[in-house]
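A.B. asks: Quick one: the structure is below, and I'll ask about it shortly.
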Amino acid sequence: MDDSKFVIIGAYGQLGRALQAQYPNARAVDSDALDITDTEAVSDFDWSEVTHILNAAAYTNVDGAESKEGRRIAWTVNATAMRNLSLVATKHDIALIHVSTDYVFDGTEKLHSETEPFSPLSVYGDSKAAGDIAVSLTPKHYILRTSWVIGEGKNFVRTMVGLAKKDISPSVVHDQIGRLTFTSELVKAINHLISNDCDYGTYNVSNDGESASWADITRQIFTLLGRDDLLVTNTTTAEYFAGKEGIAPRPLQSTLDLSKIQATKFISTDWKIDLESYVKGEQS
Ligand SMILES: NC(=O)c1ccc[n+]([C@@H]2O[C@H](COP(=O)([O-])OP(=O)(O)OC[C@H]3O[C@@H](n4cnc5c(N)ncnc54)[C@H](OP(=O)(O)O)[C@@H]3O)[C@@H](O)[C@H]2O)c1
């Protein structure tokens, strides 16, 4: 596999950074080098030698997308720009690798399969579902549907590690259930799909292991840091957001069925194993 023929888009987000580590010879572009919402810039980019577009770009501000301005940005980046990428990938016979979210579902199913119909609750979810439809029209595409992404950047685990270190006792939601997805797991899955020439299409990818709430995960973080997990108390999503404006509804069940990718001999890692390494890394 010649990674010098790969282009990583959104290369400085959480996933983008992990992809750069995996594919050091790939061309890595941020939004200054290639703004995917600029139809002309996408069309004029030199795609001649490119075999794979790895798209890590998205507008990921779930609550921000509920505002008047945010709604427009979410739709432009997450949906319209996917049309731009799909068109160039199709024209130049490039494989388009894209990342989706469980927010395209309403979270009423305990386990989400790849074939569950879209039922997004939020503007972010709407825009990502529209992007999935655009990408799915690309002859060579992989859509990795994921949840609760943790990598290099601002994320839930990092916030909770910070609170534990300051001996703050957080109240954390206990009614949203899912599994973490470390960017290492996503990159491992992308590499697996590409290098094994797996069938194109949509694959769920998260870490494996027992489904847990954000509060359970926080307790695990506190334990790993040698803090008393009784410092972490449960709240509900409704209580947590009470009185706050512009909050997007969230799916309560985020667990993804991993059987499709595992049937391709992909070996998933338990989120607790990756969480331990991540928390240790935060300590050093
Ligand atoms: N974070 C989660 O919990 C989560 C959960 C499920 C799925 N996902 C999906 O996983 C993927 C990766 O998420 P992430 O957490 O790594 O995202 P992230 O850290 O927010 O990074 C997103 C990147 O997209 C870039 N970007 C935004 N607008 C752009 C544009 N117009 N042109 C080019 N680049 C643009 C940003 O670059 P600039 O800063 O330069 O604008 C940023 O580097 C996304 O598809 C997301 O929807 C994330």
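A.B. asks: Give me the angle, in degrees from 0 to 90, between the Cα long axis of helix 156-165 and the longest principal axis of the Cα atoms of the chain, rounded to the nearest 10.
C.D. replies: Helix 156-165 sits at roughly 30 degrees to that axis.
A.B. asks: Could you state how much accessible area Lys68 has, in square angstrom rounded to the nearest 10, with a 1.4 Å probe and all protein chains kept in place?
C.D. replies: The accessible area comes out at roughly 150 Å².
A.B. asks: For a bin width of 5 Å, list the pair-distance distribution of region 9-72 built from all Cα-Cα distances, rounded to whole %.
C.D. replies: With a bin width of 5 Å, the distribution comes to 4, 16, 23, 22, 18, 10, 6, 2.
A.B. asks: While we're looking at this one, here's another question. Could you run the Debye sum over the Cα atoms of region 165-284, one equal point scatterer each and no solvent, and tell me log10 of I(q)/I(0) at q = 0.18 Å⁻¹, two decimals?
C.D. replies: Results for region 165-284 at q = 0.18 Å⁻¹ read -1.02.
A.B. asks: In whole Hz and in residue order, list the ³J(HN,Hα) couplings for region 264-272 that follow from phi through the Karplus curve 6.51 cos²θ - 1.76 cosθ + 1.60, θ = phi - 60°; x for Gly and Pro.
C.D. replies: Karplus-based 3J(HN,Hα) across region 264-272 equals 8, 6, 7, 9, 7, 9, 5, 4, 5 Hz.
A.B. asks: Averaged per residue, what accessible area in Å² does region 17-126 show with a 1.4 Å probe, protein chains only?
C.D. replies: Result: 49 Å² per residue.
A.B. asks: Let me ask another. So how far apart, in nm, are the two label points at Glu245 and Lys280 if each is 7 Å from Cα heading toward Cβ?
C.D. replies: 4.7
A.B. asks: Students often forget the sequence filter, so: which lysines lie under 25 Å Cα-Cα from Lys68 once same-chain residues fewer than 8 apart are removed?
C.D. replies: Hits, sequence-local ones excluded: Lys128, Lys154, Lys244.
A.B. asks: Sequence gap at least 6, Cα distance under 8 Å: using those rules, report the relative contact order of region 38-149 to the nearest whole percent.
C.D. replies: 33
A.B. asks: Right, next: Distances longer than 17 Å among the Cα atoms of region 128-208: what percent of all pairs is that?
C.D. replies: 60
A.B. asks: May I ask you to rank Trp148, Trp47 by accessible area, largest first, using a 1.4 Å probe over the protein chains only?
C.D. replies: So, going from the largest accessible area down, we get Trp148, Trp47.
A.B. asks: Under a 1.4 Å probe, what is the accessible area of region 150-284 per residue, stated in Å²?
C.D. replies: That works out to 47 Å² for each residue.
A.B. asks: Order the peptides 172-181, 257-266 from the highest to the lowest mean number of other Cβ atoms within 10 Å of their residues.
C.D. replies: Order by mean packing, descending: 172-181, 257-266.
A.B. asks: Order Arg227, Arg83, most accessible first, counting only protein heavy atoms with a 1.4 angstrom probe.
C.D. replies: Heavy-atom accessible area, descending, gives Arg83, Arg227.
A.B. asks: Then there's this: Quick one: Cα centre-to-centre distance for region 80-97 and region 126-141, in angstrom?
C.D. replies: 10
A.B. asks: Just to check, using Stokes-Einstein with a Kirkwood Rh over alpha carbon pairs, what's the diffusion coefficient of the chain at 4 °C and 1.567 mPa s in µm²/s?
C.D. replies: 67
A.B. asks: With label points built 7 Å along Cα→Cβ from the Cα atoms of Thr223 and Arg72, find their separation and express it in nm.
C.D. replies: Taking the simple label geometry, Thr223 and Arg72 are separated by 4.9 nm.
A.B. asks: Once you place label points 7 Å from the Cα toward the Cβ at Glu49 and Phe118, how far apart are they in nm?
C.D. replies: According to this spin-label approximation, the distance is 3.6 nm.
A.B. asks: Another one. Hey, if you drop one equal point scatterer on each alpha-carbon of region 74-148 and run the Debye formula without solvent, what base-10 log of I(q)/I(0) do you get at q = 0.22 Å⁻¹?
C.D. replies: -0.93
A.B. asks: By how many degrees, between 0 and 90 and to the nearest 10, does the Cα long axis of helix 123-136 differ from the longest principal axis of the chain?
C.D. replies: Taking the Cα atoms of the chain, the angle to 123-136 is about 40 degrees.
A.B. asks: Also: Using Cα pairs closer than 8 Å and at least 6 residues apart in sequence, work out the relative contact order for the chain, in percent.
C.D. replies: Result for the chain is 20 percent.
A.B. asks: Which of rounded, prolate or oblate describes region 207-278 when judged by the alpha-carbon gyration tensor and an a/c cut-off of 1.5?
C.D. replies: oblate
A.B. asks: Another question, if that's okay. How many angstrom lie between the C-alpha centres of region 142-215 and region 103-122?
C.D. replies: Spelled out, the Cα-based centre of one part sits 17 Å from the other.
A.B. asks: Taking all protein chains in place and a 1.4 Å probe, what share, in percent, of the accessible surface of the chain do carbon and sulfur account for?
C.D. replies: 50
The values are calculated or read from the model by the stated rules, or taken from the named source; none is laboratory data. All values reported here derive from a predicted model rather than from experimental measurement. Glycine gets a Cβ as well: all are built from the backbone with ideal geometry, and neighbour counts include every protein chain shown. What goes into the accessible areas is simple: the full protein's heavy atoms, side chains included, and nothing from ligands, DNA or RNA. Shrake-Rupley method; radii C 1.70, N 1.55, O 1.52, S 1.80 Å.
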